[in-house]
1. I'd like the carbon and sulfur percentage of the solvent accessible area for the chain, probe radius 1.4 Å, heavy atoms only, ligands and nucleic acids excluded.
2. Using the Kirkwood formula over every pair of different C-alpha atoms, what hydrodynamic radius in Å results for the chain?
3. Using only C-alpha atoms and all pairs of different ones, pull out the Kirkwood radius for region 55-122 in Å with one decimal.
4. Filter the GluC sites (Glu not before Pro) in region 43-122 to those in DSSP coil with at most 11 other Cβ atoms within 10 Å of their Cβ, and list the result.
5. What angle do you read, to the nearest 10 degrees and between 0 and 90, between the alpha-carbon axis of helix 83-93 and the longest principal axis of the chain?
6. Check the chain for me: any Cys whose beta-carbon has no other cysteine beta-carbon within less than 4.7 Å?
Amino acid sequence: MNLLQTSNAPGAIGPYSQGYEANGFVITSGQIPVDPVSGTVPEGISAQAEQSCKNVGAILESAGTGFERVIKTTCFLADMADFAAFNEVYARYFISKPARSCVAVRELPKGVLCEIEAIAVK
């Protein structure tokens, strides 16, 4: 197992990691829309979905893979009314059309509107 760590995605704060590579798979932790440089969260679901996707992409890249190799995602939305806007951004990144679960949750860390986790192959 190889621990994944990149400064191009928000650092893990707590007892978890940005992700792992094991047996040809890359598994990311859920990525919320925090800009890894400024620590800020953009306004609105489209901007937040964009940043979450970029954060997932940075972890995938650090492991030598990318969006085209993602086979499964789990997406969390604070409000299912944001589904269409979220999906529009998501579709530009997850071009492999991975298997996906998308659920609305009561609350996400830092009060963000979305979170994305992914599993990819090398």
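The values are calculated or read from the model by the stated rules, or taken from the named source; none is laboratory data. All figures in this text were calculated on a predicted structure; none of them were measured in a lab. Every residue, glycine among them, receives a Cβ derived from its backbone with ideal geometry; neighbour counts consider all protein chains shown. For the accessible areas, the whole protein counts, side chains as well, though only heavy atoms, and no ligand, DNA or RNA atoms are used. Shrake-Rupley method; radii C 1.70, N 1.55, O 1.52, S 1.80 Å.
1. On the way: 3410 of 6430 Å².
Solvent-exposed carbon and sulfur of the chain make up 53 percent of the total.
2. Details: mean 1/r = 0.0708 Å⁻¹.
Final number for the Kirkwood radius of the chain is 14.1 Å.
3. 12.4 Å
4. On the way: sites: Glu43, Glu50, Glu61, Glu68, Glu88, Glu107, Glu115, Glu117; in loops: Glu43, Glu107.
Here the GluC sites (Glu not before Pro) that fit, given the DSSP loop and packing criteria, are Glu43, Glu107.
5. The two axes meet at around 30 degrees.
6. Within the chain, the cysteines lacking a partner Cβ under 4.7 Å are Cys53, Cys114.
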